[in-house]
C-alpha cells in the first residue's frame, strides 16, 4: 500500500507542480515588466525549488560524448554489448581514428566497472567513467529498475548478480580488469573465486574494490548498525513493497528506490535542507554557476530505482547480518565460495578516511580473504579527507585515487597479449578495432 500511496501523492501534487512551472516561466518571461525585481526573483526562486523537490526524476543521460586524451578530443559512443532482463553491459567506445590522431596506437586495458545495485542508476558513476576513459577501454554494468522488469522474467537475487558478472566478463573476454564500487565488492570477490575454481579463462586480471562492505563487522557505521539491530523479518515486513500499475513490473515485490532515498537523505537531513536553502538564495542572487551545480547534483541524486526484494533481502542477510563471505560460509549455486583460490589476479582496495557508509577496514578485509594472491600483487590505499562518494568521484578521485589505480592496472597489463586477443576476436563487433 505504501507504493500506491507514494504514487497517489505524486499525482495529487501534479497540478501544483504544473502551476509552479508555469508561474516560474511567467516570472522569467522577457515581457514581464517586473522581471528582475526582488519580488519577482524571490517568487521565481520559490517556484523553482518547489518544482524541483516534487517532480519525478528519470534516469539521467550519460552525457559523455567525448574524452580529452593527450590534448585531443576523442568522440565517445555508448554501446549496449550484452542485454539481460535485469541489467546490461555497456561499452564506452572511443573513436578509433581520433585515438590514432592523438598518437594512441597501442591497445589499452579493458576494464569492467561494476556499478552498485543500491537504489541509484549506474550514471551515478559518470565521474568514475570519465576519469578512466583516457587510459582504458571502459565497460560498465547498467542495472535495470526492477519496477520495469515484467514478473514473467523471474527472480533476481545476489546469486543471479554474481552470474551476471561472470557472463559479462566472459563476453568481454580474457585479460579484463575489474573495479567494484561500494556494494558489489563481495559479489565481485565471489564471482572471481567461482571463475578461478573453474579455471575460467575470462577470470579477471585484477580487482579494485572501493568503499565496499567485504566485512561489515569492521568499523561499523550507522548503516551497518541498523542492519544488526533490526531483525531480518523487520526488513522483510517494512521495506518490501509491491509494484503497482502501470509499471511493467506490476505485482513484483521490490525495495523501492524512494525508500532508499529517504533513508540516505534522513542521515544528512540538515545538510540537504541547507542545500535547498542555498539553492533558493543562489537563484535570487543570480548565481547561475552555483545553482547549476546544485541542479546537476540533485538531478542525479534524486533519480532512484527499485531493487528486487530477493536481492535486497539476501544482501541484508548474507552481507550485513551474517557476514557469510568473511566467515567462509558464503554459498553460490550450492558450492562454498573460497576467495583463497584466487591466485593470478591483482587486488587493490581503496577506502575513504571519512567514509560513513563503509568504515575503515571493511574493504581491506578482501586482502585477508584472498590468501592465494601474492603480497606483491596487493595494494591497500586509504584516501585522506575522502568520504564515501569522494572515493569514486570528485577531485580526490581524479587527482589521487584514479592515477594510482591506473598504474596498478597498467602494471598488470600486457599490450602484446592484448594485441593477440584483439586479433583473435577481430571478427566480433565487441572488441574489433
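Laboratory data are not the source of any read-out in this text; all were calculated from the coordinates shown. Note that the structure is a prediction, hence the values are computed from the model and not measured. Every residue, glycine as well, gets a Cβ built from its backbone with ideal geometry; the counts of neighbours run over all protein chains shown.
Report the FRET efficiency, 1/(1 + (r/R0)^6), for residue 5 and residue 233, where r is their Cβ-Cβ distance and R0 is 22 Å, rounded to 0.05.
Taking R0 as 22 Å, the efficiency between residue 5 and residue 233 is 0.45.
Where does each of 397, 62, 277 land when they are ranked from fewest to most other beta-carbon atoms within 10 angstrom?
Exposure proxy ranking, most exposed first: 277, 62, 397.
Could you check what % of the DSSP bridge pairs in the chain are antiparallel, to the nearest 5?
50 percent
Write down the Kirkwood hydrodynamic radius of the range 1-149, to one decimal in angstroms, obtained as one divided by the mean of 1/r over all alpha carbon pairs.
19.1 Å is the Kirkwood radius here.
Across 10 Å bins from 0, what is the distribution of all Cα-Cα pair distances for the range 4-67, in whole percents?
20, 35, 25, 18, 2
Considering the Cα positions of the range 215-278, please state its Rg to one decimal place and its Dmax as a whole number of Å.
Every Cα atom of the range 215-278 included, Rg and Dmax give 15.4, 43 Å.
What is the chain's relative contact order, in percent, from Cα pairs under 8 angstrom and six or more apart in sequence?
For the chain, the relative contact order is 18 percent.
Quick one: Cα centre-to-centre distance for the range 177-215 and the range 275-308, in angstrom?
Centre-to-centre distance over Cα atoms comes out at 34 Å.
Ordered by packing density, taken as the mean number of other Cβ atoms within 10 Å over each peptide's residues, highest first, how do 155-165, 64-74, 187-197 rank?
187-197, 155-165, 64-74
Can you give the angle from 0 to 90° between the axis of helix 288-301 and the longest principal axis of the chain, with both taken from C-alpha atoms, to the nearest 10?
60 degrees
Taking each pair of distinct Cα atoms in the chain once, what is the resulting Kirkwood hydrodynamic radius in Å?
23.2 Å
Evaluate Rg over Rh across the range 211-250, taking Cα atoms for both radii and Kirkwood's formula for Rh.
1.18
Please quote Rg/Rh for the range 299-429 to two decimal places, taking the Kirkwood radius as Rh and restricting both calculations to Cα atoms.
Radius of gyration relative to Kirkwood radius: 1.02.
Could you tell me how many cubic angstrom of Cα convex hull volume the range 68-135 has per residue?
So the per-residue Cα hull volume is 89 Å³.
Taking a point 7 angstrom from the Cα of residue 245 along the C-beta vector, which residues in the range 9-24 have backbone N less than 19 Å away?
Label zone hits: 9-12.
Quick one: helix 257-267 against the long Cα principal axis of the chain, what's the angle to the nearest 10°, folded into 0 to 90?
Taking Cα atoms only, the helix is inclined about 80 degrees.
Roughly what would the spin-label model give for residue 105 and residue 360, points 7 Å off Cα along C-beta, in nm?
4.8 nm
Could you state the angle between the C-alpha long axis of helix 185-197 and the longest principal axis of the C-alpha atoms of the chain, as a value from 0 to 90 degrees rounded to the nearest 10?
Roughly 20 degrees, rounded to the nearest 10.
Report D for the range 185-315 in µm² per second (integer): Stokes-Einstein, Kirkwood Rh on Cα pairs, 4 °C, 1.567 mPa s.
Value of D from the Cα-based Kirkwood radius: 70 µm²/s.
Based only on other Cβ atoms within 10 Å, what is the fewest-to-most ordering of 218, 252, 56?
So the ranking, lowest neighbour count to highest, is 56, 218, 252.
Give the average over all directions of the projected area of the C-alpha convex hull of the range 278-360, one decimal, in nm².
Projected over every direction and averaged, the Cα hull of the range 278-360 covers 9.6 nm².
What is the ratio of the Cα radius of gyration of the range 112-263 to 2.2 N^0.38 Å, with N the residue count, to two decimals?
Normalised by 2.2 N^0.38 Å, the Cα Rg of the range 112-263 equals 1.14.
Treating only the Cα positions of the range 81-183 as identical point scatterers, give the base-10 log of I(q)/I(0) from the Debye formula at each q in 0.12, 0.14, 0.17, 0.19 Å⁻¹.
Reported log10 I(q)/I(0), two decimals: -0.44, -0.58, -0.80, -0.96.
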